[in-house]
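Inspection log for the structure reproduced underneath, given as structure tokens.
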């Protein structure tokens with residue numbers, strides 16, 4: 001059995017018993033990357049020298065018996081929009097192709113404090129804009145289950161790396177579904193925490209009121225471990241939440257007796273592939289068998305979520321991306337006529353088509369005369385969408401549905417049609433707008449491709465979300481299946 | 001409401017982007033399709049609805065005005081495309 005198929009406590013026991021070293025784990029990661037990443041293309045940069053040195057350091061600490069961190073020795077990959085001191089961070093964009101950060105993001109600091117080993121940076125859609133990873137300005141990631149299909153986006157590299165055994169776990173970021181949708185397409189566990197639970201300091205901003213960092217793992221227990229290590233208030237992020245962090249691991253009891261589940265009819269209705277729907281309904285039967293009950297409910301404003309999201313996210317993106325001007329870092333155009341021309345040329349050369357499209361949409365929605373009709377209107381509809389969730393959570397513990405309306409689609413099949421591409425995120429976007437937590441877990445297969453089930457919880461109730469996901473996982477084998485590469 | 005090539009040119013200027021004729025054409029079509037889809041929101045009466053800017057109740061975050069260590073000039077300049085004497089260099093703004 002591959003090292004990466006073993007549970008975290010198993011790995012730690014072996015490290016403790018000296019049957020395994022951190023260097024073994026890191027070797028395994030690079031060996032798997034060497035064998036598989038030529039096909040998958042999950043990584044943009046590797047940090048082999050530093051990672052091996054770090055592994056030796058941790059191995060020394062193993063010998064001396066010094067206190068060990070929660071994630072001791074685990075090889076991790078980091079999505080390339082999370083800054084890493086001294087390790088190139090490109091955001092999947094030509095604009096930042098040589099960007100060398102001078103500090104670590106708070107999550108990276110926290111992972112280091114938990115004794116992980118960073119092995120590389122993961123491919124993604126440029127500036128996290130996309131649902132297929134075809135917008136990476138370097139090369140697209142491929143789905144490890146079917147190399148002619150997309151891994152989902154924008155954390156496609158993060159999801160594919162876990163599915164392909166190219167990291168023990170990874171970090172991604174989710175704005176409208178960018179952790180959950182690729183987790184679903186690649187058959188891994190992807191958790192988007194409550195907005196504000198995990199610091200965004202050092203995450204290159206796309207849409208600041210929606211962005212959230214979270215883990216991609218091969219099972220729910222690992223997800224709880226990683227969340228434990230990265231959650232918590234950070235004074236460096238002005239939107240960080242001051243809440244007590246519970247013990248997520250002790251919440252994994254396997255017990256869902258009496259749990260009340262809501263299944264929105266909009267999430268299993270028109271537009272959702274019948275096989276995806278059937279797979280999720282079968283998964284609900286498993287939870288029913290464990291003593292949970294479920295009822296159909298309505299989230300009536302679901303159909304307005306995609307339009308709301310694209311207006312708000314693009315508006316925030318156009319504002320956040322104004323900082324890329326070619327002056328302090330990133331691409332600078334040669335021979336500009338003047339300062340204004342330097343901005344224009346640098347931005348035009350550095351940004352790809354999807355990023356330009358969103359900047360244009362956002363600039364338009366925020367421009368004089370259209371602000372009320374588009375931006376303010378969308379902010380008001382966001383209130384209605386959030387209200388839908390509050391109403392359902394007054395009576396139910398969790399909301400469950402598919403993560404995405406279909407399984408992974410073929411590369412190139414939706415590239416010329418942004419609107420269709422945007423609709424792939426119809427089941428993840430409402431959750432992002434409401435700011436609540438959700439996890440996507442593998443719940444079956446359709447024509448050999450993984451299907452994800454989305455479990456959505458109340459704000460800051462990750463404990464219940466993870467408990468339900470874990471209980472399902474304990475009674476099924478879907479999360480143990482691996483793609484043949 | 002539909003937007004023209006001229007509108008797209010105007011917005012590109014506001015966004016500090018140069019568009020090729022082809023990009024302008026493509027974007028006009030795509031933005032029109034997206035904005036037409038966004039008009040769906042007009043089906044909803046939001047007259048008395050408060051806008052949500054943030055899902056958390058965030059207020060201004062204040063801290064003491066203390067002198068703290070900052071990045072070194074060398075760190076700040078690490079990624080500068082062009083610099084001189086520890087300063088970012090850009091084309092002259094005035095003649």
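Name the residues in the stretch A:428-454 that are under 21 Å from residue A:209 (Cα atoms) and out of contact with any strand residue (DSSP E or B) (no Cβ under 8 Å at 6 or more places or on another chain), would you? Break it down into steps so the answer makes sense when it comes.
Going through the stretch A:428-454, the residues under 21 Å from residue A:209 (Cα atoms) turn out to be A:428-439.
Hits for the stretch A:428-454 are A:429, A:430, A:433, A:434, A:435.
I'd like the full set of residues that are more than 19 Å from residue A:133 (Cβ to Cβ) and not in a loop (DSSP other than H, G, I, E, B), limited to the stretch A:393-431. Outline the logic, then answer.
Of the stretch A:393-431, the ones more than 19 Å from residue A:133 (Cβ to Cβ) are A:393-402, A:430-431.
Scanning the stretch A:393-431 gives A:393, A:398, A:399, A:400, A:401, A:402, A:430, A:431.
Return a yes/no flag: does the stretch A:433-451 have any residue that is in a helix (DSSP H, G or I), modelled with pLDDT of 95 or more and more than 30 Å from residue A:139 (Cβ to Cβ). Spell out how you get there, then give the answer.
Our first condition is that a residue be in a helix (DSSP H, G or I); within the stretch A:433-451, this holds for A:433-434.
Retained after the next criterion (residues that are modelled with pLDDT of 95 or more): A:433-434.
Keeping just the survivors that are more than 30 Å from residue A:139 (Cβ to Cβ) gives A:433-434.
The answer is yes; a qualifying residue exists.
Kindly list the number of the only condition in (1) over 24 Å from the mean Cα position of the chain (by Cα); (2) more than 8 Å from every other protein chain (Cβ to nearest Cβ); (3) under 28 Å from residue B:54 (Cβ atoms); (4) modelled with pLDDT of 95 or more that fails for residue A:320.
(1)
If only one of A:78, A:82 is touching a strand residue (DSSP E or B) at 6+ places or on another chain (Cβ under 8 Å), surrounded by 24 or more Cβ atoms within 10 Å (Cβ to Cβ), closer than 25 Å to residue A:5 by Cβ and at pLDDT 95 or above, which one is it?
Details: A:82 fails: closer than 25 Å to residue A:5 by Cβ.
Exactly one of A:78, A:82 is touching a strand residue (DSSP E or B) at 6+ places or on another chain (Cβ under 8 Å), surrounded by 24 or more Cβ atoms within 10 Å (Cβ to Cβ), closer than 25 Å to residue A:5 by Cβ and at pLDDT 95 or above, namely A:78.
Give the residues of the stretch A:358-372 that are at the interface with another protein chain (Cβ under 8 Å from one of its Cβ atoms) and out of contact with any helix residue (DSSP H, G or I) (no Cβ under 6 Å at 6 or more places or on another chain), sorted by residue number.
A:367 - this is the single residue of the stretch A:358-372 that is at the interface with another protein chain (Cβ under 8 Å from one of its Cβ atoms) and out of contact with any helix residue (DSSP H, G or I) (no Cβ under 6 Å at 6 or more places or on another chain).
Name, by its number, the condition in (1) part of a strand (DSSP E or B); (2) surrounded by fewer than 22 Cβ atoms within 10 Å (Cβ to Cβ) that does not hold for residue A:49.
With (1) part of a strand (DSSP E or B); (2) surrounded by fewer than 22 Cβ atoms within 10 Å (Cβ to Cβ) applied to residue A:49, the lone miss is (1).
Looking at (1) touching a residue at least 12 places away in the same chain (Cβ under 8 Å); (2) out of contact with any helix residue (DSSP H, G or I) (no Cβ under 8 Å at 6 or more places or on another chain), which is the one condition that is false for residue A:28?
Evaluating residue A:28 over (1) touching a residue at least 12 places away in the same chain (Cβ under 8 Å); (2) out of contact with any helix residue (DSSP H, G or I) (no Cβ under 8 Å at 6 or more places or on another chain) leaves (2) as the failure.
For (1) surrounded by 19 or more Cβ atoms within 10 Å (Cβ to Cβ); (2) within 22 Å of residue A:173 (Cα to Cα); (3) more than 14 Å from every other protein chain (Cβ to nearest Cβ), each residue gets a yes or a no:
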site	(1), (2), (3)
A:388	yes, no, no
A:401	yes, yes, yes
A:408	yes, yes, yes
A:413	no, no, yes
A:423	no, yes, no
A:431	yes, yes, no
A:434	yes, yes, no
A:437	yes, yes, no
A:449	yes, no, yes
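Against the conditions (1) in contact with a helix residue (DSSP H, G or I) (Cβ under 8 Å, 6 or more places away or on another chain); (2) surrounded by fewer than 19 Cβ atoms within 10 Å (Cβ to Cβ); (3) more than 11 Å from chain B (Cβ to nearest Cβ), where does residue A:353 fall short? Just the number, please.
With (1) in contact with a helix residue (DSSP H, G or I) (Cβ under 8 Å, 6 or more places away or on another chain); (2) surrounded by fewer than 19 Cβ atoms within 10 Å (Cβ to Cβ); (3) more than 11 Å from chain B (Cβ to nearest Cβ) applied to residue A:353, the lone miss is (3).
The values are calculated or read from the model by the stated rules, or taken from the named source; none is laboratory data. Computed from a prediction, not measured in an experiment: that's the story for all the values here. Methodologically, a virtual Cβ is constructed for each residue, glycine included, from the backbone with ideal geometry; neighbour enumeration extends over all protein chains shown.
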